[in-house]
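Working notes, beginning with the structure itself.
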Amino acid sequence: MDPETIQKTYAVVPGLNMGLFTPKDLGTILQIINRYDVPATKITSAQRLALLGMSEEEMTALQKELKSHIRKTAINGVHYVQACPGLKWCKYGIADSLSLGKKLEELSMSEPLNAKVKVGVSGCRMCCTEPYVRDVGIFASKKGWTLIFGGNGAGKPRIGDIVAKDLNDDEVLVLVKKCLNVYQENSKPRTRTARFMERFGIDSLKEKVFEGSPKE
């Protein structure tokens with residue numbers, strides 16, 4: 001491999017609001033990328049934009065120019081929210097996953113979480129955003145949202161536990177925050193939700209979240 005190629009690096013744009021941006025924003029971003037002669041770009045599995053093949057100096061300068069066009073990384077530990085096109089844009093969608101995803105992006109926690117939390121929201125039972133292997137997973141059915149907690153798709157995969165079914169938007173947001181609070185209060189630093197749930201268990205989580213009266 002050419003030594004110059006090895007020295008090249010890349011930047012991942014923190015977020016484009018679940019992969020959504022207007023044609024105008026896309027045009028502006030494209031102009032900036034072309035001005036820096038970026039060798040390649042990639043939409044990541046997290047619905048973010050990876051800019052490939054730049055030097056560190058180029059990357060830093062380009063990020064400054066893109067700052068006003070991208071969503072800041074949340075300080076509460078939510079690494080990203082991945083959402084499908086949902087009811088508005090997909091023929092299979094039965095719920096507004098993008099609207100719910102935006103509310104989850106804005107979820108406010110009292111303290112930063114112990115480890116990164118990845119969120120997947122699907123507007124139907126096809127689960128295109130893989131909610132069963134996300135820290136927080138949500139998918140829609142005709143009766144409402146199903147909330148899943150503690151999934152992971154990495155080197156030690158884990159299917160998340162179903163916390164509750166048939167929820168409306170407000171109920172989902174309340175329960176997500178309660179689950180994250182329990183996780184925050186009872187997990188060790190840098191421990192992801194999957195490893196936490198292996199130790200803590202879904203019954204204990206439900207007991208804390210629902211105070212002995214789980215909704216299923």
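The values are calculated or read from the model by the stated rules, or taken from the named source; none is laboratory data. Please read all numbers here as calculations on a predicted model, not as lab measurements. Note that we place each Cβ from the backbone using ideal geometry, even for glycine, and neighbour counts take in every protein chain shown.
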In the range 134-143, what residues are closer than 21 Å to LYS206 by Cα and either outside any strand (DSSP E or B) or of a type in the set (Phe, Trp, Tyr) (or both)?
-> ARG134, ASP135, PHE139, LYS143
State yes or no: is ARG158 closer than 18 Å to PRO112 by Cα, in contact (Cβ under 8 Å) with a residue 40 or more places away in the chain and in the same structural domain as LEU87 (by TED's automatic domain parsing)?
-> no
Looking only at the range 197-207, decide whether some residue is assigned to a loop (DSSP other than H, G, I, E, B), out of contact with any strand residue (DSSP E or B) (no Cβ under 9 Å at 6 or more places or on another chain) and among the acidic types (Asp, Glu).
-> no
Leading residue by the ranking (nearest to the chain's Cα centre (by Cα)) among those in the range 153-188 that are under 22 Å from GLU111 (Cβ atoms) and not in a helix (DSSP H, G or I) = VAL163
Only one of these conditions is not met by LEU51: (1) assigned to a strand (DSSP E or B); (2) within 22 Å of THR129 (Cβ to Cβ). Which number is it?
-> (2)
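Condition check ((1) part of a loop (DSSP other than H, G, I, E, B); (2) farther than 19 Å from VAL163 by Cα; (3) hydrophobic (A, V, I, L, M, F, W, C); (4) touching a His at 6+ places or on another chain (Cβ under 9 Å)) across all residues:
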site	(1), (2), (3), (4)
TYR80	no, yes, no, no
LYS91	yes, yes, no, no
SER99	no, yes, no, no
CYS124	yes, no, yes, no
CYS128	yes, yes, yes, no
TYR132	no, no, no, no
TRP145	no, no, yes, no
ILE148	no, no, yes, no
